[in-house]
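Trainee: Below is a structure I'd like to ask you about.
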Amino acid sequence: MTAVPEVLVAEHAIEYTYTRSTGPIIGAFLTGLRDKQIKGIRAIDGRVIVPPVEYDPVTSDDLHELVDVGDAGVVTTWSWNATPVAGQPLDRPFAWALVRLDGADTGMLAAVDAGDEAQMHTGMRVRARWADGRVGSIRDLLCFELEGDLA
Amino acid sequence: MTEPVTMVETPIRLDYSYTPGVASSRFLRSLEHGQIVGQRCPRCLKVYMPPRGACSMCGVATDEEIVLDGKGTVTTFCVTNVPSPGLTPPYVTAWIRLDGADITSMFLIQECDPAEVRLGMRVEPVWVDESERQPNLGNIRYYRPTGEPDAPYDDYKDYV
Amino acid sequence: MRRDVAIVSWASFETPSEPARNEVEMLLPVIQEALGNVGMTQQDIGFTVSGSSDYLQGFPFAFVGALDAVGAWPPIRESHVEMDGAFALYEAVNVLQEEGIDTALVYAFARPSRGELDRTLALQLDPYAVAPLWPDARGLAGLQAQAMKDSGRYPQLLGAGHEVPPTVVADGAVAVVLAVGDRARELTKTPAWIRGIDHRIEPPALGVRDLTTSASTTAAAAKAGATGVDAAWLHVPYPHQELVLRAALSLVDQPVYSAAGPVMVGGLAQLAAAAAGVAGGKARRAVAHATSGPCLQQNLVAVLEGGDAA
């Protein structure tokens, strides 16, 4: 067996910007976010799915009927993130949550800027906080905040 | 902006503390000391340079180290006439079979007219100054002709 | 299945952090051991397939480089999945239905200790609405754990001490040899016959799923015929997921052996462990499970039996 030499270590980053075409459904969703309007899509069973999906999750049929939903809703589940990592929506502790927006039947993944884990509970109401300089990206929806916190 | 969104940019970045493995580490350390160390497959006896710790044809570990003197033979080459960062055209890139190795490696050929480069040409490495050596192949600045007679075609025909 | 397929050999290696060896150097002795256990070399293998992710290694086409550990000359029939090796085994079982392909080598490897696993796994998510938020894998698992607590059906998770632990970061490799019918009987006295195998996938959007159950596991188990088992080997990246899987597989009081294992490796390692359990007499008829993706998104269920092929 060959002796193990002193291990060489090199810091190495992989960095790449993918440019993706959105297609009409995701494109409409992202266009809506630019205008502070969240859109879902009506599934075959009548549920409104947010973010919209192109195909029905049960039947795989093409879906077409986009539906405007509210920008506030209910936390259906959550987990506290005490140590955010690079690229996440907030650089201070926050909660990941699935938020079921008013008019929607499914939760969308987002950050909730709750400040403290003790603030978080399933069923709480939250409202979208929008980014300035929106470009048509999921990051236009910066995070959610406790509805009562709004002025 | 009123145009609908049809494209989205999604940047990614991942960071690693990369370690190259045992065979590559030994190879890179040898370069730091001005040596080129390959590995021989115990089954097919082919010598790999750079070594990777395994014979990709036999699927066995390659433990035996072979010190190469660095000289080699041009098996094919390309003259590039468009600029590239740090390189002034025309410049020559060649596949070189190092003496004692069974695979070819790519290096620049300099200190000669690109028109003189040919298959079978004997070449040798030009190393960076000892004080500047790092554990990487950048230690070999380029290859240059040795002035020896060309290698006969039979010597390198399996590597063209 | 038209042809009976058995797991005839396996080997694995796992460590919290492999300091020096690269993926090929880690994998090579594992493959040699799995083949050597049944007196085989790569030349005896009809089909080779692997599971790994280049993002874990940090450069493109890393899975091609891993073939250095196989000996792919003269050219071999070979395939790869960007998933846990268990899903590569599924492909192998299907290829082994072809006449003329009687043996297969399945392997998986990963060395996530060199990168940021919780971030790397974000790249398997929807690239438009989810991955740009860089959700950490542990955070997503936490959504599932909280939904389970809120459901009232998992009292085991209530109270202190049930926080979701950090994502398991471990390096390792696993190799499994498969063979059909009489070839399996020639190679070992104790083949672990794969009586059924299936895998099913949940919708990718987490909000569309019921995170407190695993419909895909139940569907895969039904298709694989996972009834009447006397032990279970489950691939459980986070502890709360064992409860979901027990319910989805209708396990009652059978012994359950759960493990996370290295990402990409853990599922195939659990299939190998189940084969070892069956071959060693620990179980007569076992269910083995493997998962991939966030919150048990993809689930594979296999039924293994000792004894002779029916």
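Each value in this text was obtained by applying a stated rule to the coordinates, not by laboratory testing. Since we're looking at a predicted model, the values are computed, not measured. No Cβ is skipped: glycine too gets one built from the backbone with ideal geometry, and neighbour counts run over all protein chains shown.
Trainee: How much net charge surrounds C:Asp150 when only the other residues with a Cβ under 14 Å from the Cβ of C:Asp150 are counted, with Lys and Arg +1 and Asp and Glu -1? Please list the in-between numbers first.
Mentor: Details: positive: A:Arg100, C:Lys149, C:Arg153; negative: C:Asp210.
That sum, taken over residues with Cβ under 14 Å, equals +2.
Trainee: Output the relative contact order of chain B, whole-number percent, from Cα pairs under 8 angstrom with separation of 6+ residues. Kindly include the intermediate steps, with their values, before the conclusion.
Mentor: On the way: 307 pairs, mean separation 32.2, N = 160.
Computed value for chain B: 20 percent relative contact order.
Trainee: Let me spell out the model: positive unit charges on the Cβ of Lys and Arg, negative unit charges on the Cβ of Asp and Glu, origin at the Cα centre of chain C. What dipole size does that give, in debye rounded to 20?
Mentor: Charge dipole of chain C: 660 debye, to the nearest 20.
Trainee: Next question, about the same structure. Once you sort the root eigenvalues of the Cα gyration tensor of chain B as a ≥ b ≥ c, which label holds: rounded (a/c under 1.5), prolate (a/b larger than b/c) or oblate (the other case)? Walk me through the intermediate numbers first.
Mentor: Details: a/c = 1.83, a/b = 1.29, b/c = 1.43.
Oblate, because a/c is 1.5 or more while a/b does not exceed b/c.
Trainee: Same structure again: Within 10 Å of each Cβ in C:143-154, how many Cβ atoms from other chains are there, averaged over the peptide? Kindly include the intermediate steps, with their values, before the conclusion.
Mentor: On the way: counts 10, 2, 2, 13, 7, 1, 2, 6, 1, 0, 0, 0.
The mean count of partner-chain Cβ atoms within 10 Å per residue comes to 4.
Trainee: Right, here's the next one. Using the charge dipole of chain B (Lys, Arg: +1 at Cβ; Asp, Glu: -1 at Cβ; taken about the Cα centre), state which of B:Val60, B:Gly72, B:Gly100 has its Cα farthest towards the positive end.
Mentor: The residue sitting most towards the positive pole is B:Val60.
Trainee: Angle between the Cα long axis of helix B:22-32 and the longest principal axis of chain B, 0 to 90 degrees, nearest 10?
Mentor: So the helix axis and the longest Cα principal axis differ by about 70 degrees.
Trainee: Something else: What order, most packed first, do the peptides C:11-23, C:61-73, C:170-182, A:16-28 have when packing is the mean number of other Cβ atoms within 10 Å of each residue?
Mentor: On the way: C:11-23: 18.5, C:61-73: 20.2, C:170-182: 25.6, A:16-28: 13.9.
Ranked from most to least packed, the peptides come out as C:170-182, C:61-73, C:11-23, A:16-28.
Trainee: Net charge near A:Phe29: determine it from the other residues with C-beta under 15 Å of the C-beta of A:Phe29, scoring Lys and Arg +1 and Asp and Glu -1. Present the calculation step by step, with values, prior to reporting the outcome.
Mentor: Values: positive: A:Arg20, A:Arg34, A:Lys36, A:Lys39, A:Arg42, A:Arg134, A:Arg139; negative: A:Asp35, A:Glu54, A:Glu65, A:Asp68, A:Asp71, A:Asp140, C:Asp126.
Around A:Phe29, the charge tally is 0.
Trainee: To the nearest 20 Debye, how big is the dipole of the protein assembly as shown about its Cα centre, given +1 on the beta carbon of each Lys and Arg and -1 on that of each Asp and Glu?
Mentor: Details: 49 positive and 78 negative charges, 207 e Å.
I would put it at about 1000 debye.
Trainee: Same structure, new question: Along the charge dipole of the stretch A:73-144, which of A:Ile138, A:Thr122, A:Ala97 sits closest to the positive end, that is, farthest toward it, with unit charges on the beta carbon of Lys, Arg, Asp and Glu (+1, +1, -1, -1)?
Mentor: A:Ile138
Trainee: Right, here's the next one. In Å and on Cα atoms, what radius of gyration and Dmax does the stretch C:140-273 show?
Mentor: Gyration radius and largest Cα-Cα distance of the stretch C:140-273: 16.7, 53 Å.
Trainee: Counting helices only, and only those DSSP H runs with n ≥ 4, report the 222 nm mean residue ellipticity of chain B as the sum of -39,500 (n - 2.57) divided by its residues, in deg cm²/dmol to the nearest 500. Mind showing how you got there, number by number?
Mentor: Working: 2 runs with 15 residues, N = 160.
One gets -2500 deg cm²/dmol as the mean residue ellipticity at 222 nm.
Trainee: For A:104-114, what's the mean count of beta carbons from other chains sitting within 10 Å of each residue's beta carbon?
Mentor: Values: counts 1, 2, 6, 8, 5, 13, 4, 3, 0, 0, 0.
So the per-residue partner count for this stretch is 4.
Trainee: Percent relative contact order of the stretch C:203-288, based on C-alpha pairs within less than 8 angstrom and at least six residues apart?
Mentor: Details: 96 pairs, mean separation 30.0, N = 86.
Across the stretch C:203-288, relative contact order equals 35 percent.
Trainee: Taking the Cα atoms only, what angle lies between the long axis of helix C:23-37 and the longest principal axis of chain C, rounded to 10 degrees?
Mentor: Rounded to the nearest ten degrees, it is 50.
Trainee: Average projected area of the Cα convex hull of the stretch C:1-52, in nm²?
Mentor: On the way: hull surface 19.8 nm².
The orientation-averaged projected area of the Cα hull of the stretch C:1-52 comes to 4.9 nm².
Trainee: Another question, then. Output the relative contact order of chain C, whole-number percent, from Cα pairs under 8 angstrom with separation of 6+ residues. Walk me through the numbers before you get to the answer.
Mentor: Details: 687 pairs, mean separation 75.9, N = 310.
In percent, rounded to a whole number, it is 24.
Trainee: Using a Cα distance threshold of under 26 Å, what count of lysine pairs results for the protein assembly as shown when pairs must be 8 or more residues apart or interchain? Write down the numbers at each step before the final one.
Mentor: On the way: B:Lys46/B:Lys71; B:Lys46/B:Lys157; B:Lys71/B:Lys157; C:Lys189/C:Lys282; C:Lys223/C:Lys282.
Counting lysine pairs in the protein assembly as shown gives 5.
Trainee: Looking only at other chains, what is the average number of their beta-carbon atoms within 10 angstrom of each beta-carbon in A:87-93?
Mentor: Whole-number average of other-chain Cβ neighbours for A:87-93 is 3.
Trainee: Follow-up question, since we're still on this one. Count the net charge of all other residues whose Cβ sits under 14 Å from the Cβ of C:Glu18, scoring Lys and Arg as +1 and Asp and Glu as -1. Numbers along the way, then the final one.
Mentor: On the way: positive: C:Arg21, C:Arg111, C:Arg114; negative: C:Glu14, C:Glu23, C:Glu25, C:Asp171.
Cβ neighbours under 14 Å give a net charge of -1.
Trainee: Based on the alpha-carbon set only, what is the convex hull volume of the protein assembly as shown divided per residue, in Å³? Walk me through the numbers before you get to the answer.
Mentor: Values: hull volume 120.4 nm³, N = 621.
About 194 Å³ per residue, rounded to a whole number.
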